[in-house]
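The values are calculated or read from the model by the stated rules, or taken from the named source; none is laboratory data. As the structure is a computational prediction, the values presented were derived from the model and not from experiment. Neighbour counts are summed over all protein chains in view; Cβ atoms, including those assigned to glycine, are modelled from backbone coordinates with ideal geometry. These accessible areas exclude ligands, DNA and RNA; they are computed on the full protein's heavy atoms, side chains included. Shrake-Rupley method; radii C 1.70, N 1.55, O 1.52, S 1.80 Å.
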Amino acid sequence: MAPTATRSTFTRERAYSSFLSLLLQKKIIRKEDLAEVKSKGKSAEEVYQFLSSRGDIPDEPLAEALASAVEVPYVRLESLDPKALRLIDSQLAKRFGFIPFDFDQKAKVLQVALTSAEKIGSVNEAALRSLERKLGVKIELNITSKSALERLARSYAQKSALAGVARNISEVESRVKQATVSPDSIDLSDLSISPEALRKLPYELCEKLKVVVFKSRGEKDFDLAAAFPSEPKLLEVLESIEKKTDITFRVFKADLGQIENVLANYRVVLEKLSEQKRMEVEAKRASLAPSGAEKEQAGQPKGEGGESQETKAKIESMEEPDLVKFLSKEKVTTSDLKAYANADNIPQLMAGVIMMATAERASDIHVEPFEKMVRVRYRVDGELSDVLMLPAEMTSSIVARIKILGKMKIDEQRVPQDGRFDVKVKDALTDIRVATLPTVFGEKIVMRLLSKTKELEKLEDLGLDGPTYDRVIEAMSKPYGVILSTGPTGSGKSTTLYSIIFQLNHPEVNIVTLEDPVEYEIQGINQVQIKPQIGFGFADGLRSILRQDPNIIMVGEIRDKDTAELATQAALTGHLVLSTLHTNTAAGALPRLYNLGVEPFLITSATNAVIGQRLVRKLCPNCKQETEVPQSVVFETKKEFEKINLGHQIKFYKGRGCDNCKNGFKGRIGIFEVLPMSDEIANLVISKRSENEIFTQAVKEGMITMRQDGLIKAVKGLTSVDEVFRVTTDVREGGEGG
């Protein structure tokens, strides 16, 4: 019977009742014994274990009754098929607690018998189905008795002695013996375990499963001590690791107290490293903090937060955040901004700069001081453009105004500061993140504008479609694993993760994010802001999140080994983890992770998919028109389309420029490549092969590259071919430089 049928056709209560009835019916127990039997077990498996341990009841009828009660076939083993034994590694079969005994090669059905009948209730069906996919067969469970297994082992031992040489029989005998004994025990108290061996698995994973790696026999062969070697979660994790790699774990049983002692030493090492990092952070903060004498140079009493009383008063008396009401107009032009500047009206000037930026869909405002002027620029659709030039004398007033709004220290000009404030334009709320940077001619300010009323886009609206979209949906559909979004700063990585989270956000799941900063507030999701300045970074936050019973976790960015290891550990223990990584291509993320120090076998076991992306400007639909391009561009496009068997008509477009767009472009769209973790790519990662080799293999397996995806969008009229080439010059195409 297939494992899926095993659990769906009976309930524990029904099996319990049926087993007790069969015990009486077959006269295995007497009616007067029923009360005692019931007191010894509340499930069929517990009753079986109690009766079989007494030693006065024949094992075979007892096992046969249990099989009937739980509706699993009973088999009286008399022989073993060597093909079945060779199909599954002995260590793997031992961990699952079964022995393969028959293989129907035509039907692709593998019959296995549980070596401990009472474990039928704790069969890990998810791990079994995973094993089925790995082997390409259907696994059918059976129950047998211990006496049948012992009889079988004796039979093969006799045949082996009579035959003199019988390799298959000898192999079978060995496998039967392995299947019928418990894992070997190990005494950890006398062992000297190297830190390198311990760190083969992350501490949090070891603590959760009560295991330690105590010896490395090579790069792919480890000895593992487990307090509970038959624990289903442990079997599932080990199976997940071995599924995509050649890694093997020899599992030994060890005393729980000894394992906890080893884990305590492991924790001490990690705490020393953590303390060292904390001290480095404190030293950095101390070097940046002003001295007491410097604080008094301003000649004003300080508030609790270090601000002057004058500053606190200004902050507390902030003006109307609704810019339409504040300026008494619904639209601002460059002429208005110049008028505010000429009148030296700084509050109205900066309100006008922000209001005009929201109208032009700017993502950032740059205020840059130079020797003879102050330049104001907007970033729209990824491109910076000049908006206003102001006299250099206005620098300090502009900076002070923004600092007051952002609740920053206006008398601190030597170190960078961060702040934030909200504004409203009509019904649109905008969250503004402020960052200052001391320069030679004053403090430069960048304001990031984040709409609080804008709805998150669906994945297909971001530019994901076709096989690329299907691969992302497949990765999202898995209950656990890591999905990484890669690309340089400003390539839309966080937006992609937000869209995935928005699609996964349902009442029955617990989603927690760890961000720097929290860019979009999403209803129903627990969003956490990290604070590196006080030592609360991504790794610290992730440790805390894992204690909050999450189903889905988003980590804003993987920057260091601790965060990378914790993310993979979380994925291996049943969480779906989303994060970003700064690499140019999807293939580059995998070498980046093992360069950070994560074990390659953990990377391959935990990773579902890696998304590589860029943003290109969209052509304005009002003024786009077909255009001629050089024949070399047409030839290259045809060559790229041939690689993916695409026969799309090749036409290109450009925008003329109109009142709707100004320069022919309006908005942006993503171009993507999605690399799923296949067996071949896993082998390359285990061998620590180069990014180029991983990329080439991914292309062979059908990955549409970013340039190919961009060219598809170009011939559809969504963007221009120049945009595609502009943003993909730094990525590999077909294994070569772009």
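See the values below:
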| quantity | calculated |
| --- | --- |
| Residues that are more than 21 Å from E565 (Cβ to Cβ) and surrounded by fewer than 24 Cβ atoms within 10 Å (Cβ to Cβ), drawn from segment 579-614 | N584 |
| Pair list, Cβ < 7 Å and 6+ apart or interchain, from segment 117-135 residues that are in contact (Cβ under 8 Å) with a residue 12 or more places away in the chain to residues that are among the basic types (K, R) and open to solvent by less than 50 Å² (accessible area, probe 1.4 Å) | none |
| Subset of segment 215-243 [under 25 Å from the mean Cα position of the chain (by Cα) and either under 20 Å from L566 (Cβ atoms) or open to solvent by less than 10 Å² (accessible area, probe 1.4 Å) (or both)] | K233, L234, E236, V237, L238, E239, S240, I241 |
| Some residue of segment 551-563 being closer than 26 Å to N510 by Cα, open to solvent by 10 Å² or more (accessible area, probe 1.4 Å) and part of a helix (DSSP H, G or I) | yes |
| Any hit, segment 590-608, residues being at pLDDT 90 or above, closer than 30 Å to V555 by Cβ and assigned to a strand (DSSP E or B) | yes |
| Residues of segment 689-704 satisfying the condition of being polar (S, T, N, Q) and more than 10 Å from L675 (Cβ to Cβ) | S690, N692, T696 |
| Residues being touching a Gly at 6+ places or on another chain (Cβ under 9 Å) and under 19 Å from P630 (Cβ atoms) - total across segment 714-726 | 6 |
| Residues satisfying the stated conditions in segment 87-97, i.e. open to solvent by 20 Å² or more (accessible area, probe 1.4 Å) and assigned to a loop (DSSP other than H, G, I, E, B) | D89 |
| Tabulated pairs, segment 714-737, first hydroxyl-bearing (S, T, Y), second at pLDDT 90 or above and assigned to a helix (DSSP H, G or I), C-beta under 8 angstrom, 6+ apart or interchain | T719/G710; T719/K713; S720/A714; T728/M706; T728/R707; T728/G710 |
| Within segment 319-392, helices (runs of 4 or more DSSP H) holding 1 or more residues that are of a type in the set (S, T, N, Q), surrounded by 14 or more Cβ atoms within 10 Å (Cβ to Cβ) and in contact (Cβ under 8 Å) with a residue 60 or more places away in the chain | 346-359 |
| Output for segment 508-556, where each listed residue is in contact with a Leu (Cβ under 9 Å, 6 or more places away or on another chain) and of a type in the set (K, R) | R543 |
| Tally of residues being open to solvent by 20 Å² or more (accessible area, probe 1.4 Å) and without any contact (Cβ under 8 Å) to a residue 24 or more places away in the chain across segment 405-419 | 3 |
| Hits in segment 644-682 - residues which are free of Cβ contacts under 8 Å to residues at least 40 places away in the same chain and open to solvent by less than 70 Å² (accessible area, probe 1.4 Å) | G657, C658, S678 |
| Every residue from segment 23-58 that is assigned to a loop (DSSP other than H, G, I, E, B), open to solvent by 90 Å² or more (accessible area, probe 1.4 Å) and either more than 20 Å from V72 (Cα to Cα) or touching a strand residue (DSSP E or B) at 6+ places or on another chain (Cβ under 9 Å) (or both) | K27, R30, D56 |
| Exclusive hit being under 22 Å from the mean Cα position of the chain (by Cα) and either assigned to a helix (DSSP H, G or I) or not aromatic (F, W, Y) (or both), set L684, L646 | L684 |
| Some residue of segment 632-642 being under 16 Å from D722 (Cα atoms), in contact (Cβ under 8 Å) with a residue 12 or more places away in the chain, touching a Leu at 6+ places or on another chain (Cβ under 8 Å) and among the polar types (S, T, N, Q) | yes |
| Number of positions in segment 177-196 that are at pLDDT below 85, buried (at least 16 other Cβ atoms within 10 Å of the Cβ) and in a helix (DSSP H, G or I) | 2 |
| Search result, residues across segment 432-458 that are without any contact (Cβ under 8 Å) to a residue 40 or more places away in the chain and crowded, with 19+ Cβ neighbours inside 10 Å | V434, T436 |
| Condition met for T513 (open to solvent by less than 20 Å² (accessible area, probe 1.4 Å), in a helix (DSSP H, G or I) and closer than 30 Å to Y378 by Cα) | no |
| Near pairs, Cβ below 9 angstrom, 6+ apart or cross-chain, from segment 203-214 (at pLDDT 90 or above and buried (at least 20 other Cβ atoms within 10 Å of the Cβ)) to any residue that is part of a helix (DSSP H, G or I) and among the hydroxyl-bearing types (S, T, Y) | V212/Y266 |
| Count of segment 250-264 residues which are assigned to a helix (DSSP H, G or I), open to solvent by 40 Å² or more (accessible area, probe 1.4 Å) and either among the charged types (D, E, K, R) or touching a residue at least 60 places away in the same chain (Cβ under 8 Å) (or both) | 3 |
| Unique residue being out of contact with any Gly (no Cβ under 6 Å at 6 or more places or on another chain), open to solvent by less than 20 Å² (accessible area, probe 1.4 Å), farther than 22 Å from G670 by Cβ and part of a helix (DSSP H, G or I) when the list is T637, T568 | T568 |
| Lone unmet requirement of (1) open to solvent by less than 20 Å² (accessible area, probe 1.4 Å); (2) over 26 Å from S499 (Cβ atoms); (3) in contact with a strand residue (DSSP E or B) (Cβ under 8 Å, 6 or more places away or on another chain) for V685 | (3) |
| Count - residues of segment 468-496 that are open to solvent by 80 Å² or more (accessible area, probe 1.4 Å) and more than 17 Å from the chain's Cα centre (by Cα) | 2 |
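Residues are listed down the side, and each one gets a yes or a no for (1) of a type in the set (V, I, T); (2) outside any helix (DSSP H, G or I); (3) open to solvent by 20 Å² or more (accessible area, probe 1.4 Å); (4) in contact with a strand residue (DSSP E or B) (Cβ under 8 Å, 6 or more places away or on another chain):
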site	(1), (2), (3), (4)
L85	no, no, no, yes
I99	yes, yes, no, yes
D102	no, yes, yes, yes
V112	yes, yes, no, yes
L128	no, no, no, yes
L149	no, no, no, yes
L152	no, no, no, no
